[in-house]
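Everything below concerns the one structure shown next.
What follows draws every value from the coordinates through simple rules; no lab data is involved. Remember, it's a predicted structure, so these values are computed and weren't measured experimentally. With ideal geometry, Cβ positions are generated from the backbone for all residues, glycine too; neighbour counts draw on all protein chains shown.
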């Protein structure tokens, strides 16, 4: 009798990206929290204190595979699907000039990111926010006030977070695509570099699972 696949995904990832995902699992296990089974954290599993754990390294022809497996008797509530792990929502809206824009609003009411430009259509604005969803989690951070090359993100990204101090002495961030376009910014100045880093960190954390709505 074959088992039921509750969730499955397969894609090419960098070693750093895989390590980041495994750290996310390890941190959840260590804290006794439900473990995210997918990148967007919409599927979680809650293992018991002790499980059977198996490591298997296989060779098939010229291909190697390393498998890590946990196994236990399922109890009620062990698996949750359709989880909204994000604490923010993408809102699309039309500005006074007839351009479409988006903003990322946290559940606390604060706007933690917005589009740095207006788009000709709702479709283009949606494409813009989806680019942010794709690139923000793994984007490196470059500090314009130092000679540092940047803090790596979790995985491959076609964009970079830029930290900088504006003319008024406030710290800001923007997310610049490799094509040179700024695809998102913080929309506000912060009193310190650390606060700006926390702001972009919140964006990194919340964009993967954020729902998309039209502002009223």
- Query: Between residue 108 and residue 18, how many nm apart are label points set 7 Å from Cα along the C-beta direction?
  - Reply: 3.7
- Task: For a quick protection proxy, order the peptides 6-14, 59-67 by their average other-Cβ count within 10 Å, most packed first.
- Result: 6-14, 59-67
- Message: Here are a few candidate values for percent of Cα pairs over 22 Å apart: [x] 44; [y] 59; [z] 48. Which one was actually calculated from the structure I just gave you?
- Response: [y]
- Could the peptides 49-58, 206-215, 17-26 be put in order, highest first, of the mean number of other beta-carbon atoms found within 10 Å of their residues? 206-215, 17-26, 49-58
- Task: If a/c stays under 1.5 just call it rounded; otherwise compare a/b with b/c (prolate if a/b is bigger, oblate if not). Do that for the range 1-60, with a ≥ b ≥ c from the square roots of the Cα gyration tensor eigenvalues.
- Result: rounded
- So, in Å, what gap is there between the alpha-carbon centers of the range 161-188 and the range 43-113? 27
- Report the extension gain between residue 9 and residue 64 in nm, rounded to one decimal, defined as 0.36 nm multiplied by the number of residues separating them, less their alpha carbon distance. 17.9 nm
- Item | Share antiparallel - DSSP beta bridges, the chain, percent rounded to 5 | 85
- Query: Which whole-number percentage describes the relative contact order of the chain, with Cα contacts under 8 Å and a sequence gap of 6 or more?
  - Reply: 18
- Tilt of helix 122-135 relative to the longest C-alpha principal axis of the chain, in degrees (0 to 90, nearest 10)? 60
- Query: For the residue pair residue 121 and residue 164, what label-to-label distance in nm results when each label sits 7 Å from Cα along the Cα-to-beta-carbon direction?
  - Reply: 3.2
- Message: If I take R0 = 41 Å and measure r between the Cβ atoms of residue 49 and residue 130 in this structure, what FRET efficiency does the formula 1/(1 + (r/R0)^6) give, to the nearest 0.05?
- Response: 0.55
